[in-house]
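Asker: Dumping the structure here so I can ask a few things about it.
Here, each number is a calculation from the coordinates, and none is a lab measurement. These numbers were taken from a predicted model, which means no experiment stands behind them. With ideal geometry, Cβ positions are generated from the backbone for all residues, glycine too; neighbour counts draw on all protein chains shown.
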Amino acid sequence: MRGHLLLIILFISTFTYGQIGGKTIFNFLNLAVSAKQAALGGKIYTGLKSDIFQPAFNPATLNTNINGKLGLNYTDYLSDINYGNVAYAPAIKKIGTLYFALSYINYGSFTYADENGNRTGQFGASEGALITGYAYHFPQSNWHAGLNMKFVLSSLENYSSTAIIFDLGILYQNSEKGLNFGLVARNAGFQLSTYQGQKEDLPLELGLTFSKTFKHAPFKWFISFENLQITDLAFNNPAHNIEDPNGNIITENTNFADEIFRHTIISVELFPRKKFNLRAGYNFRRSAELSQKDERFGSGLNFGFSLQLRKVEINYAYSNYNYAAGANFVSLTLNLNEL
């Protein structure tokens, strides 16, 4: 056990720096890659019932149960933005199960205009990542480790950038107790080419998930902690400012409890062992950052369902950001071994 603990400590200490969205590039890499992920709050790092998409978030979840499965995900994101994911896990003799995935996001069309406001044309912006992964199960133990390598290409108008990025994950699975534990460091690497000759920070993220399945209860709970590499994640949201009777502006005050909750996502899956599942999750940071004062409208709330048919699994999720925006996720998983 001391060896396992040492491995975890080294794992954490290696990746204790980083930034958050708005200060880094390639942030699309931290978007939910499937309807299952989205319904459970967007950041789950343990296994999700043989989910073909899950190794993209934690490579240690790659296992033989997804051999021969092909996954397709489409997300109707904010405004004109949409993105998709494709994943496949072939079994290779004498090697084991490998993982291949492709993520792509299109930001829509933008308009050129000169200094006088005259429109002169249009341009586009998109990004993509090709992912390969491998996992190792330590013999006679409940521990798994995995590694993803990503080649990332970003094209924004006439500017482009490429990078090689890695994910390193650990997974503990105790089937008898129904307890899972996942720890992952995502998006560590380096740029191969830059937009304008200046290297920028990558969207490094350290995440942790605990999950528990009960033998005599029809649900499974998850608790995740995102962006653990950042200690001061909370900030005063200007949208939560209020005005007192004298016209003075009172700003929101954040405290230690706010810091803890900004890292926290809680979620539940009903009927985890059945062919029909219901899921719901609550993302505290999303709620705190995107809601309006006294008008939350379910910001941070996510829900969805899964239906397992003979040869295909259908998943749907809806993520609510605020009263003006939400996203729909549709995922299909095909078992090519049964076609």
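Asker: Evaluate E = 1/(1 + (r/R0)^6) for Arg310 and Asp232, where r is the Cβ-Cβ distance and R0 equals 51 Å; express this FRET efficiency to the nearest 0.05. Present the calculation step by step, with values, prior to reporting the outcome.
Answerer: Details: r = 50 Å, r/R0 = 0.98.
The computed FRET efficiency comes out at 0.55.
Asker: Continuing with this model, one more query. Based only on other Cβ atoms within 10 Å, what is the fewest-to-most ordering of His144, His137, His216?
Answerer: Fewest to most other Cβ atoms nearby, the residues stand as His216, His137, His144.
Asker: Cβ under 14 Å from Leu179's Cβ, Leu179 left aside: what net charge do those residues give with Lys, Arg +1 and Asp, Glu -1?
Answerer: So the environment of Leu179 carries a net charge of +3.
Asker: Would you list, by chain and number, the lysines whose Cα falls below 18 Å from the Cα of Lys93, excluding same-chain residues fewer than 8 positions away?
Answerer: Counting by Cα, and skipping residues close in sequence, Lys93 has these lysines nearby: Lys69.
Asker: Which of Lys94/Lys274; Lys94/Lys177; Lys43/Lys215; Lys43/Lys177; Lys94/Lys311 have a Cα-Cα distance over 29 Å?
Answerer: Lys94/Lys274; Lys94/Lys177
Asker: Here is the link list: Lys23/Lys220; Lys23/Lys150; Lys150/Lys212. Which ones come out longer than 24 Å on Cα distance?
Answerer: Lys23/Lys220; Lys150/Lys212
Asker: Sort Ile242, Ile52 so that the residue with the fewest other Cβ atoms within 10 Å of its own Cβ comes first and the one with the most comes last.
Answerer: Neighbour counts put them in this order, fewest first: Ile242, Ile52.
Asker: For region 49-97, what does the alpha-carbon gyration tensor say about shape, rounded, prolate or oblate, given a ≥ b ≥ c as the root eigenvalues, a/c under 1.5 as rounded, and a/b over b/c as prolate?
Answerer: In terms of gyration-tensor shape, prolate.
Asker: Hey, another quick one. For the chain, with only Lys/Arg (+1) and Asp/Glu (-1) charged at the beta-carbon, what is the dipole magnitude about the Cα centre, in debye rounded to 20?
Answerer: Roughly 1900 debye for the chain.
Asker: To continue, here is another question. Got a sec? How would Ser154, Ser126, Ser319 order by Cβ neighbour count within 10 Å, fewest to most?
Answerer: Ser126, Ser154, Ser319
Asker: Mind jotting down the distance between the C-alpha centroids of region 155-214 and region 88-114, whole Å?
Answerer: One Cα centre to the other: 14 Å.
Asker: Going by alpha carbons, how many degrees (0 to 90, nearest 10) lie between the helix axis of 2-14 and the longest principal axis of the chain?
Answerer: 20
Asker: For labels at Val268 and Asn118 in the simple 7 Å Cα→Cβ model, what's the distance in nm?
Answerer: The modelled label-to-label distance comes out at 6.2 nm.
Asker: Another question, then. In nm, what is the difference between 0.36 nm times the number of residues separating Ser79 and Asp201 and their Cα-Cα distance?
Answerer: Taking 0.36 nm per residue and subtracting the Cα distance, the gain is 41.3 nm.
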